[in-house]
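The next block holds one structure in the form of structure tokens; read it before the comments.
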Amino acid sequence: MTTTNDDAPEAGMLRRTWRILRRPSAKYSMLALLLSGGIGGVIFWGGFTTAMEATNTLTFCISCHEMRNTVYQEYQQTIHYSNRSGVRAICSDCHVPKAWTPKLMRKIQATNELWHKVIGSIDTMEKFEAKRLSLAQKEWARLKKNDSLECRNCHGFKGMDKSMQKQRAQHQHELAEKNGETCIDCHKGIAHKPIHKQLEAEAAADEDTTL
């Protein structure tokens, strides 16, 4: 098979470009190339990290996830939003890991949520309520699987002064630590509508009817 005249210049250009890329630079020293590559890498990494952290802000979460008129309203009524110490836990504190690799994986997963925003899966209160339970159960399962990692960024059995807790809380935390339970086992409704209580009531009602 022969090449046409139109193909020859393009092929020649590709070969010349490849030779240039493979050949050591005669104009710049290896040190200069290494320094420029290092500086470029730092700039890229800094920009990437800055962009990553920007997606963790409360403002960004509200703008990109279907939550402004639903769970965000509930969250504003909780102690995580307003409390005597003035320390506010925002969405990313509870739903995004701090460690780099788990954080990156969570961000990749979140792209699916952006797609559902585009197609309007839960863009009305009625749609959201219809899916609320399944969405909550997925998040409960995620936190159960990672031993409530995001909760433990701020809370931990070892750091608790149980003498300052109410007697019931002391007892429950002692039992949880002894039995290897994790935060989400008991604190499912800490910042959103406690729909787990509805499930517990329904389960209890079903049990009564089978007795």
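Take the alpha carbon gyration tensor of the stretch 138-179, find the square roots of its eigenvalues, order them as a ≥ b ≥ c, and report rounded if a/c is under 1.5; if not, report prolate when a/b exceeds b/c, else oblate.
prolate
What label, among (i) 108; (ii) 149; (iii) 297, belongs to volume of the Cα convex hull per residue in Å³ computed from the structure on display?
Working out volume of the Cα convex hull per residue in Å³ from the coordinates points to (iii).
Given a Förster radius of 41 Å and the C-beta distance between SER36 and ALA99 as r, what FRET efficiency does 1/(1 + (r/R0)^6) yield to the nearest 0.05? Spell out each step's value before the answer.
Details: r = 31 Å, r/R0 = 0.76.
In this case the efficiency is close to 0.85.
To the nearest 20 debye, what charge dipole does the chain have about its Cα centre, counting +1 at the Cβ of each Lys and Arg and -1 at the Cβ of each Asp and Glu?
1140 debye
Could you identify which residue out of GLN77, GLN109, GLN165 has the top mean-square fluctuation in a GNM of the chain using Cα springs shorter than 10 Å?
The residue that fluctuates most here is GLN165.
Calculate the dipole size of the stretch 32-154 relative to its Cα centre from +1 charges on Lys and Arg beta carbons and -1 charges on Asp and Glu beta carbons; express the result in debye to the nearest 20. Kindly include the intermediate steps, with their values, before the conclusion.
Values: 16 positive and 11 negative charges, 58 e Å.
Dipole about the Cα centre, nearest 20: 280 debye.
Among LEU135, LEU175, LEU14, which one shows the highest mean-square fluctuation when the chain is modelled as a Gaussian network with alpha-carbon springs under 10 Å?
With Cα springs under 10 Å in the chain, the top fluctuation among LEU135, LEU175, LEU14 is at LEU14.
Among GLY12, HIS187, ILE90, whose Cα projects farthest towards the positive end of the dipole of the chain, with charges put on the beta-carbon of Lys, Arg (+1) and Asp, Glu (-1)?
Most positive-ward Cα: GLY12.
Suppose the chain between ARG68 and ILE190 were pulled fully straight at 0.36 nm per residue; how much longer would it get relative to their current alpha carbon spacing?
Working: separation 122, 0.36 × 122 = 43.92 nm, distance 1.79 nm.
That works out to 42.1 nm of additional length.
Check the chain for me: any Cys whose beta-carbon has no other cysteine beta-carbon within less than 4.7 Å?
Here CYS64, CYS94, CYS154, CYS186 come out as lacking a disulfide-compatible partner, given the Cβ-Cβ threshold of under 4.7 Å.
Given ILE122, GLY38, HIS155, which one lies farthest toward the positive end of the charge dipole of the chain, if we put +1 on the Cβ of every Lys and Arg and -1 on the Cβ of every Asp and Glu?
The one lying farthest along the dipole's positive direction is GLY38.
Let me have the 222 nm mean residue ellipticity of the chain computed from DSSP H runs of 4+ only, each contributing -39500 (n - 2.57), with the sum over all residues rounded to the nearest 500.
-20000 deg cm²/dmol
Rank ALA141, ALA51, TYR81 by how far each Cα sits towards the positive end of the charge dipole of the stretch 46-153 (+1 on Lys, Arg Cβ; -1 on Asp, Glu Cβ) and give me just the farthest.
Ranked along the dipole, the leading option is ALA141.
Computed from the coordinates by the stated procedures, all read-outs in this text should not be read as laboratory data. Predicted model, so just to flag it, every value in this text is computed and none were measured. Note that we place each Cβ from the backbone using ideal geometry, even for glycine, and neighbour counts take in every protein chain shown.
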